[in-house]
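I am attaching a structure below and will ask some questions about it afterwards.
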Amino acid sequence: MNRYLSLYASAAYAFLYLPLAVLAVFSFNASRFAIWQGFTWHWYVEVFRDERLIEATIHSVEIAICATIFSTVIGTLAAYAIWKRRARWLTNSLYLSLVTPEIVTGVSLLAFFQWIFRFLHVQLGMHTVILAHISFSIAYAVIVILARLRTFDPALEEAALDLGANEWQVFWRVTAPNLLPAIGAAALLCFTVSFDDYVTTSLVAGVNSETLPMVIYSLARRGVSPAVNALSAMITIGIGTLIVAAEGLQQRGARSRP
Amino acid sequence: MSRLRVAFLSPAAIVTIALFAIPIGIICAYSLLSRGAYGGVILPWTIESYRRVFDPLYAEILWRSFVLAAISTSLCLILGFPLALYIARSKRRTLLLNLVMLPFWTSFLIRTYAWMFLLRDTGLINTILQSLHLIRQPLPLLFNDGAVVLGLVYGYLPFMVLPLYATLEKLDPALLDAARDLGATPWVATWKIIVPLSRSGMLAGSLLVFIPCLGAYLTPDLLGGGKTVMIGNLVQNQFTTARDWPFGSAVSLLLMALVLIILLRMLSRQSEQLL
């Protein structure tokens with residue numbers, strides 16, 4: 001039976017990885033179509049020549065960096081406070097925001113922004129996308145940091161308090177340094193979640209805020225373009241590396257516990 | 001409450017209230033207003049939008065979303081269980097589990113696009129079949145319900161494997177040894193002992209898969225073409241093309257309510273099991 005299981009597991013992993021692998025392989029295909037006609041870098045060159053793609057990449061990176069900084073800081077502080085003493089309503093609403101279908105998050109934010117714009121003279125754009133991304137990334141940051149805090153020994157904090165440190169000094173000089181790997185992991189996770197988001201972004205984006213996933217979406221709808229394959233391969237490798245790094249940081253944080 | 005706690009909690013609280021609670025509240029209000037000429041909403045207050053949700057046309061979309069989500073969840077369960085079992089029995093559990101989760105963290109859009117590349121009329125599968133002279137005309141693999149289910153299963157399989165693994169890993173191997181000593185074959189032991197004992201993991205996994213499947217938007221949009229419309233597409237359409245914000249809001253809230261009902265029912269059942 002174990003032999004069947006391992007055979008099945010190989011097939012399952014193939015199912016998970018083959019589509020992405022095939023996409024990557026065909027990004028080097030000289031033909032526009034799905035027939036192999038020799039190796040080429042052409043589509044990669046094309047990606048880097050495409051001004052719309054370059055601009056969208058810059059937007060995506062800017063948005064992801066802003067959203068990451070805010071949501072990691074806010075999430076770390078909140079996780080620490082929740083760890084000290086439960087804040088039911090906040091944890092519950094964070095979990096609720098996680099299970100809310102993305103399309104609902106998107107349209108509710110769109111309606112909210114449009115309602116706000118009745119009073120303020122602003123339009124949809126980069127800032128609305130960043131706000132939306134902060135709102136859905138915080139939950140991820142809180143979860144990662146909380147997971148690390150659960151393995152953190154509170155005796156360290158008590159010792160610091162006994163030795164005369166105040167609450168803030170305890171957090172800043174004792175707990176936060178111990179959390180650094182987890183904070184790094186949370187930041188990487190927030191970055192990838194923000195960088196990859198399409199549904200919410202497409203609803204709250206306005207003029208001059210087209211992101212990379214939005215371009216990929218419109219190209220994918222239009223039909224075959226091997227440049228999209230090349231772009232997808234690069235993003236998948238890049239994001240995959242970030243995720244592996246985040247996992248590594250989390251493991252390291254967990255191992256260094258006293 | 002200490003000042004530090006207030007300072008630490010308030011940023012998250014402000015963001016959650018301003019960018020989650022209030023927007024949902026606005027949707028609630030909009031669902032009870034009338035449709036404006038160019039999108040947006042106007043007075044008077046009305047429950048017309050909720051009445052329209054039960055129009056046969058829209059009720060069918062709700063039903064279809066339920067069916068597609070249920071099929072995808074069952075397939076995830078069938079496909080995910082042996083995989084979780086394999087990982088739980090393996091020596092390199094962490095690595096294997098991370099390998100399941102890794103694709104989940106990479107772009108959902110790109111993973112969906114990968115299937116478009118495979119399934120299109122001029123896609124890889126049709127090209128290979130044609131060059132082998134197995135078919136003359138390309139098979140209509142993309143833009144149908146099957147493609148949507150495939151995309152959903154592909155997208156959410158990790159959500160099934162994770163909780164299943166967590167349950168299976170905790171099972172006492174002595175149970176299997178005992179069954180074997182008493183003459184059960186590995187298959188019988190798995191079916192009669194492991195499967196019933198991993199029910200809580202199955203429930204959790206099904207919940208984690210069913211909820212995002214029910215609210216799916218991108219998968220039916222890209223893989224289903226114009227034909228397969230699920231609730232998510234209906235919501236998006238009302239807010240963009242159709243410009244009927246009150247109706248879109250009503251459908252959003254209905255979707256949200258369905259998710260909450262399923263979540264609460266499952267959670268209460270699970271806590272009963274724990275007792």
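The values are calculated or read from the model by the stated rules, or taken from the named source; none is laboratory data. The structure presented is a predicted model; accordingly, all values stated were derived computationally and were not measured. Positions of Cβ are backbone-derived with ideal geometry, glycine not excepted, and every protein chain shown enters the neighbour counts. The accessibility values were calculated without ligands, DNA or RNA, using every heavy atom of the protein model including side chains. Shrake-Rupley method; radii C 1.70, N 1.55, O 1.52, S 1.80 Å.
Go through region B:101-140 and give me each residue that's more than 7 Å from chain A (Cβ to nearest Cβ), touching a residue at least 60 places away in the same chain (Cβ under 8 Å) and open to solvent by less than 20 Å² (accessible area, probe 1.4 Å).
Selection gives B:112, B:119.
May I pose another question? Would you please list the contacts, defined by Cβ atoms under 6 Å and residues six or more apart or on different chains, that run from a residue in region A:164-191 that is more than 24 Å from residue A:211 (Cα to Cα) and away from chain B (no Cβ under 11 Å) to a residue that is assigned to a helix (DSSP H, G or I) and open to solvent by 60 Å² or more (accessible area, probe 1.4 Å)?
Going by the 6 Å Cβ cut-off, the qualifying pairs are A:174/A:156; A:181/A:252.
Here's a follow-up. In region A:71-93, how many are facing chain B (nearest Cβ under 7 Å), among the aliphatic types (A, V, I, L, M) and either out of contact with any helix residue (DSSP H, G or I) (no Cβ under 9 Å at 6 or more places or on another chain) or open to solvent by 10 Å² or more (accessible area, probe 1.4 Å) (or both)?
2
Give the residues of region B:59-73 that are farther than 14 Å from residue B:148 by Cα and open to solvent by less than 60 Å² (accessible area, probe 1.4 Å), sorted by residue number.
Those that are farther than 14 Å from residue B:148 by Cα and open to solvent by less than 60 Å² (accessible area, probe 1.4 Å): B:59, B:61, B:62.
Considering only region A:141-170, how many residues are more than 35 Å from the chain's Cα centre (by Cα) and surrounded by fewer than 16 Cβ atoms within 10 Å (Cβ to Cβ)?
5
Which number in (1) touching a residue at least 24 places away in the same chain (Cβ under 8 Å); (2) open to solvent by 40 Å² or more (accessible area, probe 1.4 Å) marks the one condition that residue A:215 misses?
(2)
Taking helices (runs of 4 or more DSSP H) that do not extend beyond region A:1-91, which have at least 2 residues that are within 23 Å of the chain's Cα centre (by Cα)?
Fully inside region A:1-91 and qualifying: A:2-26, A:51-84.
Could you count how many residues in region A:46-55 are of a type in the set (Val, Ile, Thr) and closer than 25 Å to residue B:118 by Cβ?
Counting residues in region A:46-55 that are of a type in the set (Val, Ile, Thr) and closer than 25 Å to residue B:118 by Cβ gives 1.
What residue, among those in region A:188-212 that are open to solvent by 30 Å² or more (accessible area, probe 1.4 Å) and under 17 Å from the mean Cα position of the chain (by Cα), is nearest to residue A:124 (Cα to Cα)?
A:202
Mind counting the residues in region A:23-52 that are away from every other protein chain (no Cβ under 14 Å) and closer than 28 Å to residue A:208 by Cβ?
8
Can I ask one more? Given the conditions (1) of a type outside the set (A, V, I, L, M); (2) open to solvent by 10 Å² or more (accessible area, probe 1.4 Å); (3) in a helix (DSSP H, G or I); (4) farther than 18 Å from residue B:26 by Cα, report the number of the one that residue A:121 does not fulfil.
Every condition holds for residue A:121 apart from (3).
Another one. Do you know which residues across region A:187-221 are among the acidic types (Asp, Glu) and either part of a loop (DSSP other than H, G, I, E, B) or over 21 Å from residue A:50 (Cα atoms) (or both)?
Start the filter on region A:187-221 by keeping residues that are among the acidic types (Asp, Glu), which leaves A:196-197, A:210.
If the condition is that a residue be among the acidic types (Asp, Glu) and either part of a loop (DSSP other than H, G, I, E, B) or over 21 Å from residue A:50 (Cα atoms) (or both), then A:197, A:210 are the ones that fit.
Still on this structure, I have one more. Could you say whether any residue in region B:48-58 is open to solvent by 30 Å² or more (accessible area, probe 1.4 Å), among the aliphatic types (A, V, I, L, M) and over 29 Å from residue B:172 (Cα atoms)?
Within region B:48-58, the subset open to solvent by 30 Å² or more (accessible area, probe 1.4 Å) is B:48, B:50-52, B:54-58.
Next cut, among the aliphatic types (A, V, I, L, M) only: B:57.
Next, from what is left, pick out any that are over 29 Å from residue B:172 (Cα atoms): B:57.
Yes; the residues of region B:48-58 include at least one that is open to solvent by 30 Å² or more (accessible area, probe 1.4 Å), among the aliphatic types (A, V, I, L, M) and over 29 Å from residue B:172 (Cα atoms).
Let me ask something additional. Give the number of residues within region A:225-239 that are surrounded by 17 or more Cβ atoms within 10 Å (Cβ to Cβ) and either out of contact with any strand residue (DSSP E or B) (no Cβ under 7 Å at 6 or more places or on another chain) or without any contact (Cβ under 8 Å) to a residue 40 or more places away in the chain (or both).
10
Taking residue A:222, is it free of Cβ contacts under 8 Å to residues at least 60 places away in the same chain, more than 28 Å from residue A:145 (Cα to Cα) and more than 9 Å from chain B (Cβ to nearest Cβ)?
Against the criterion (free of Cβ contacts under 8 Å to residues at least 60 places away in the same chain, more than 28 Å from residue A:145 (Cα to Cα) and more than 9 Å from chain B (Cβ to nearest Cβ)), residue A:222 qualifies.
Restricting attention to region B:32-65, report how many residues are under 28 Å from residue B:208 (Cβ atoms) and away from chain A (no Cβ under 14 Å).
Qualifying residue count for the region: 6.
Right, here's the next one. Which condition does residue B:77 not pass, out of (1) of a type in the set (A, V, I, L, M); (2) open to solvent by 20 Å² or more (accessible area, probe 1.4 Å); (3) without any contact (Cβ under 8 Å) to a residue 12 or more places away in the chain, if it passes all the others?
(3)
Looking only at helices (runs of 4 or more DSSP H) that fall completely inside region B:158-275, which ones have 1 or more residues that are away from chain A (no Cβ under 14 Å) and modelled with pLDDT of 85 or more?
B:199-214
If you don't mind, another one. Between B:29, B:21, which is of a type in the set (A, V, I, L, M) and more than 8 Å from chain A (Cβ to nearest Cβ)?
Just one listed residue meets the conditions, B:29.
Let me ask something else about it. Of the residues B:188, B:149, B:161, which single one is more than 12 Å from the chain's Cα centre (by Cα) and surrounded by 20 or more Cβ atoms within 10 Å (Cβ to Cβ)?
B:161
Would you confirm, using the coordinates I've provided, whether residue B:141 is under 25 Å from residue B:225 (Cβ atoms) and assigned to a loop (DSSP other than H, G, I, E, B)?
Criteria met by residue B:141.
Scanning for something at the interface with chain B (Cβ under 7 Å from one of its Cβ atoms), touching a helix residue (DSSP H, G or I) at 6+ places or on another chain (Cβ under 8 Å) and closer than 20 Å to residue A:189 by Cα, does region A:101-109 turn up at least one residue?
Yes, region A:101-109 has at least one match.
Can you pull out the residues in region B:154-185 that are more than 18 Å from residue B:82 (Cβ to Cβ) and either acidic (Asp, Glu) or touching a residue at least 60 places away in the same chain (Cβ under 8 Å) (or both)?
B:155, B:172, B:177, B:181
For region A:1-28: of the residues being modelled with pLDDT of 80 or more and among the polar types (S, T, N, Q), which is least open to solvent (accessible area, probe 1.4 Å)?
Only one residue fits best here, namely A:27.
Taking residue B:85 as the residue in question, decide whether it is in a helix (DSSP H, G or I), over 20 Å from residue B:224 (Cα atoms) and open to solvent by 50 Å² or more (accessible area, probe 1.4 Å).
The answer is no for residue B:85.
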